[in-house]
Amino acid sequence: MLPLLAIETSCDETAAAVIGPGHQLLSNVVKSQIDEHLLFGGVVPELASRCHLEAIGPVVDEALRVAGCSLDDLASVAATRGPGLVGCLLVGLSYAQGLALAQGLPMLGVNHLEGHLLAPFVGREDPPFPFLGLVVSGGHTELLLARDVGDYEILGATRDDAAGEAFDKSARLLGLSYPGGIAVDRLAKDGDRAALSLPRGMMHKGGYDFSFSGLKTSVWQHTQRNGIPTGQALHDFCASLQEAIVEVLVRKAQRAAKELGLSRIVVSGGVSANSRLRAVFQEMSSQEGWDLYLADLPLCTDNAGMIGYAASLRMVRGERSPMDLDVRPGLALADASNRVRSSSS
Ligand code: KG4
Ligand code: ZN
């Protein structure tokens, strides 16, 4: 079933990757649309679909070229099925289905969140189940117990904004460019984390659920009252904002690890690229004796390498998708828990 070509187009990155016979990453090409959406301060779905249509062919060709393969060398094809923007998902999944049909190859639709969850293991060891997983991206914040590939128990999730959304929406209120998480991370480096006391929603209650909408409101109130901070005050604001998000994530994970008796912790998704989040999880790991698994930075944000890796683990277990598989914009990580040979739902 390997080499496998994987395609990811769920949001604003057109990506393709090739996974080699030993589940290793042979190529991982990402074409970002950040410049196209910059003007609008966020992703414009229609524009994103059109950009995917233009980019998909060249991106796939480049992934094959870097991997040193041709279409005839491929043994299978995979693409993200959901969650994501419907028009965007359709471009990648249809392309993969067309390719699979033309080449007579098996195809698998992949849950984007499972891709994120397993990203720290791409090109490394097999995932060390069971482990505690924290997936933090632009659209999702989920704490889960991972027992095996496709066996995920969701312990908690955000009740409103995702952690990445909290970064992006707050950054927008601060007049920073999209995607806000990266801008906040950069500015926070020279800031005082204790300068402002911002809300830590549900840090000590709500089980393992999260809430970040109060933080966004608080940022809005600050900017309404005092205007958008500039100079050192902006650095301090970003550092304090970042600390409020990071602290909640780390504390909840710490409590779940204790209560479930888990010491292998996986943190993934776009927000896991955050330098402060990585540093605090690393500190916590030496303090608590955890084995911490973080993906390399290019594998934290959206890419097809993680989709191909998740697909390769499932393909070798005999899973296939029917050729008429449809996209699922609202697919949840728990939906990845159906271990079926042929997922027709
Ligand atoms: O996983 P991802 O690439 O896309 C989704 O599946 O949503 O995550 C994108 C999110 C955005 O909200 C972006 O602001 C955030 O990840 N992000 C960061 C950093 N890099 C990306 N947030 C904080 N610090 C970063 N360094
Ligand atoms: Zn993502």
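We did not get these values from a lab; they are worked out from the coordinates using the rules stated. The model shown is predicted, which means the values in this text are computed figures rather than measured ones. No Cβ is skipped: glycine too gets one built from the backbone with ideal geometry, and neighbour counts run over all protein chains shown.
Roughly what would the spin-label model give for LEU71 and LYS258, points 7 Å off Cα along C-beta, in nm?
Distance between the two pseudo-spin positions: 5.7 nm.
Across every pair of different alpha-carbon atoms, what Kirkwood hydrodynamic radius in Å does segment 135-254 reach?
About 14.6 Å for segment 135-254.
Name the GluC sites (Glu not before Pro) in segment 33-135 that are in a loop by DSSP and that have at most 15 other C-beta atoms within 10 Å, would you?
GLU125
Please figure out what share of the DSSP beta bridges in the chain is antiparallel and state it in percent, rounded to the nearest 5.
Percentage antiparallel, nearest 5: 55.
Do the sum for the chain: with -39,500 (n - 2.57) for every DSSP H run of n ≥ 4, divided by all residues, what is the mean residue ellipticity at 222 nm, to the nearest 500 deg cm²/dmol?
-13500 deg cm²/dmol
Give me the Å³ per residue figure for the convex hull around the C-alpha atoms of the chain.
Each residue corresponds to 123 Å³ of Cα convex hull volume.
Between ASP296 and ALA334, what FRET efficiency comes out of the Förster formula 1/(1 + (r/R0)^6) with R0 = 30 Å and r the beta carbon distance, rounded to 0.05?
The calculated FRET efficiency here is 0.65.
Cα-Cα over 21 Å: which of LYS205/LYS258; LYS216/LYS258; LYS205/LYS252?
LYS216/LYS258
For the pair ARG186 and ALA279, how long in nm is the line joining their label points, each one 7 Å along Cα→Cβ?
1.8 nm
Just for the Cα atoms in segment 44-158, what are the lengths along the principal axes, largest first, rounded to whole Å?
Sorted from largest, the Cα extents of segment 44-158 read 40, 35, 23 Å.
Name the residue, out of LYS169, LYS205, LYS252, whose mean-square fluctuation peaks in a Gaussian network model built on the chain with Cα pairs under 10 Å.
LYS205
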